[in-house]
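Let me begin by presenting the structure, written as structure tokens, before commenting on it.
Read-outs throughout are calculated quantities, based only on the coordinates presented, and are distinct from any laboratory measurement. Everything quoted here is computed from the prediction, not taken from an experiment. Please note: Cβ atoms are built from the backbone with ideal geometry, for glycine as well, and neighbour counts cover all protein chains shown.
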């Protein structure tokens, strides 16, 4: 069974959804328990921090399940918070970044990404959507795949079947609208919501083309 962990009501799988088949979505925001086992795992984003396990015990359960999937070499895809939890499992350090990165900013792939199973055919650089306040260090043994100006590590691979992606590759119009409903955070970060919506009209179709290729490649592992 493919398990998808969703932390926020509006932050669903977005453009990843067509590639999930009959996946079971675990809605931790609704109190649904994280299972002990799965055949493959997707962990989506959320407004909490990977270091808040005492306040949110389900994060501890997610870390346990991620660790089990790594040990068993099951396919794993972590997005935003999911990538931070994966980094933590693998020994990386997760902490608040000097500044929040919210908006459409360019991502640049590393030379190693050219040989990567997911990103091998992606453009060398492209504009992605970002909404995060935490960053992580590269876990020992992991391969760096992408960076942005504000965030030196935007994506990594561990082993042959686990990927962490800090930016929101899955975002579509519906997910973006749900994320922007908390306008207070946008205002606090100095982000103009009208400008962000205008950018979305231009950038989301381009991003979706990249996302569909990457997600289709990941789905082949299932």
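Model label sites at residue 149 and residue 121, defined 7 Å from Cα along the beta-carbon direction, differ in position by 3.1 nm.
A simple spin-label model places the labels of residue 202 and residue 39 4.4 nm from each other, with each point 7 Å out along Cα-to-Cβ.
Contour minus end-to-end for residue 25 and residue 216, with contour as 0.36 nm per residue of separation and end-to-end as the Cα-Cα distance? All intermediate terms of the calculation are to be shown ahead of the outcome.
Details: separation 191, 0.36 × 191 = 68.76 nm, distance 1.88 nm.
The span from residue 25 to residue 216 would gain 66.9 nm if fully extended.
Gaussian network model of the chain, Cα springs within a sub-10 Å range: biggest mean-square fluctuation belongs to which of 64, 114, 140? Evaluated over the chain, the most mobile residue of the options is 140. Directionally averaged projected area (the chain, Cα convex hull): 10.9 nm². From the square roots a ≥ b ≥ c of the eigenvalues of the alpha-carbon gyration tensor of the stretch 30-150, which class results: rounded (a/c under 1.5), prolate (a/b over b/c), or oblate? Taking the square roots of the gyration eigenvalues as a ≥ b ≥ c, the stretch 30-150 is oblate.
Remark: the residue 32-residue 112 segment gains 25.0 nm on full extension, using 0.36 nm per residue and subtracting the alpha carbon distance.
Listed from fewest to most Cβ neighbours within 10 Å, the set 38, 80 follows the order 38, 80.
Sorted ascending by nearby beta carbons within 10 Å, beginning with the fewest, 19, 167 become 19, 167. Counted by neighbouring Cβ atoms within 10 Å, the residues 15, 177 run from fewest to most as 177, 15. Name the shape class, rounded, prolate or oblate, that the alpha-carbon gyration tensor gives for the stretch 99-148, where a ≥ b ≥ c are the square roots of its eigenvalues, rounded holds for a/c under 1.5, and otherwise prolate holds if a/b is larger than b/c and oblate otherwise. It comes out oblate by the Cα gyration axes.
Using 1/(1 + (r/R0)^6) with R0 = 30 angstrom and r between the beta carbons of residue 55 and residue 178, what's the FRET efficiency to the nearest 0.05? The partial results should precede the final answer.
Numbers: r = 23 Å, r/R0 = 0.75.
Efficiency, rounded to the nearest 0.05: 0.85.
Determine the percent antiparallel among the DSSP beta bridges restricted to the chain, to the nearest 5.
Values: 20 of 35 bridges.
Roughly 55 percent of the beta bridges in the chain run antiparallel, per DSSP.
State the extension gain, in nm to one decimal, for the chain segment bounded by residue 93 and residue 68, taking 0.36 nm per residue of separation less the distance between their alpha-carbons. Could the numbers behind the result be given before it?
Working: separation 25, 0.36 × 25 = 9.00 nm, distance 1.94 nm.
Once the chain is fully extended between residue 93 and residue 68, it gains 7.1 nm.
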